[in-house]
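Worksheet: one structure, shown below.
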Amino acid sequence: MNRMELLRIDYLFSVVIPCLLAVLINKLVIADLLDIRVLGVIFGWGFIGITGNLLNDAIDKDRNVDYTPKELGTIAIISFIIGITLMIETFIAYPITILFASASIFLVIGYCVKIKQYAIINKFVLVFSHIVFPYLMIAIQPAASPITLGEIWLLITFLAFSFSGQVIHEAIDKEASLKAFSQRKIQIVVQFSSILTIIFGILAIIDLSSSFNSLYLLPFIVVPLGPMYIYRKARTPGPHIKDIGIIIGNLVLVYIVVLIIAFLP
């Protein structure tokens, strides 16, 4: 296992995309984007995401890594300190962000230590810690507009899609979902979550259309067709499906970066 694979850099899209979406939807100007209170949050969540990946390997031991828990813990602590330090200016300017960051960190640690084994609760823990809190830490800043109904629909869209994605991930790895539910029930959950993703995605596009060219959000309501096709039958998909999900997540990350650069005032 090489060093980059140890850190699971390709998983970081899950915490970085919500931050970038907040920048895009709220049409922050370049001065806002380069402000440490925004830039620090984006990269800070990246380092905290690495911390979570390392803690999961150190505690859960679900991967064969050539490092001891103490060695993984050492890297995790340094990564965590860097991530939090990058957010200090944000914490000082907007104290409520301390609550968001603390809640996320608490949920991630709880997930690694205990919650991961609970099939339903663990999904909500991950989507709130990886999506809602990172998004809000940028969206609540004065440079951004107040949270709108369209943004709420957008967050629910990502919550629903992430829920189905995590169910598939656990089914492939034979973890909580596969242990708690039959293949038929997993199929129903994935299909239902995917349909909700499409419905709330359409609502987000409609509600955000007055302040943002929301047609650029169209890919987010097309992507759920993948899980729906994968679980057209009640059976566990092959392990390569997880890699496809990670690749698509990183493609979406690049897509959002392009939109931000193109539309920066």
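All of PRO227, PRO219 fail the test of being touching a helix residue (DSSP H, G or I) at 6+ places or on another chain (Cβ under 9 Å) and more than 21 Å from LEU20 (Cβ to Cβ), apart from PRO227. When LYS116 is tested against the conditions (1) closer than 21 Å to SER14 by Cα; (2) basic (Lys, Arg); (3) exposed (fewer than 14 other Cβ atoms within 10 Å of the Cβ), the lone failure is (3).
Among the residues of region 199-246, how many are closer than 17 Å to LEU24 by Cα, surrounded by fewer than 17 Cβ atoms within 10 Å (Cβ to Cβ) and over 18 Å from the mean Cα position of the chain (by Cα)? Number satisfying all stated conditions: 7.
LEU196 passes every criterion in (1) crowded, with 19+ Cβ neighbours inside 10 Å; (2) of a type outside the set (Lys, Arg); (3) closer than 20 Å to PRO227 by Cα apart from (1). Of the residues examined, ALA262 is one that is assigned to a helix (DSSP H, G or I) and either in contact with an Asp or Glu (Cβ under 7 Å, 6 or more places away or on another chain) or surrounded by fewer than 15 Cβ atoms within 10 Å (Cβ to Cβ) (or both). Confirm whether GLU89 is under 30 Å from ILE198 (Cβ atoms), buried (at least 16 other Cβ atoms within 10 Å of the Cβ), acidic (Asp, Glu) and touching an Asp or Glu at 6+ places or on another chain (Cβ under 9 Å). No: the conditions fail for GLU89. Restricting attention to region 174-182, does a residue exist that is among the polar types (S, T, N, Q), closer than 29 Å to LEU24 by Cα and modelled with pLDDT under 85? No. On the stretch given as region 121-141, residues that are touching a residue at least 24 places away in the same chain (Cβ under 8 Å) and farther than 19 Å from VAL16 by Cα total 1. Going residue by residue through region 21-28, is there one that turns out to be assigned to a helix (DSSP H, G or I) and without any contact (Cβ under 8 Å) to a residue 40 or more places away in the chain? No, there is no match, as no residue in region 21-28 is assigned to a helix (DSSP H, G or I) and without any contact (Cβ under 8 Å) to a residue 40 or more places away in the chain.
The values are calculated or read from the model by the stated rules, or taken from the named source; none is laboratory data. Since we're looking at a predicted model, the values are computed, not measured. Heads up, the Cβs are rebuilt from the backbone with ideal geometry, glycines too, and the neighbour counts pull from every protein chain shown.
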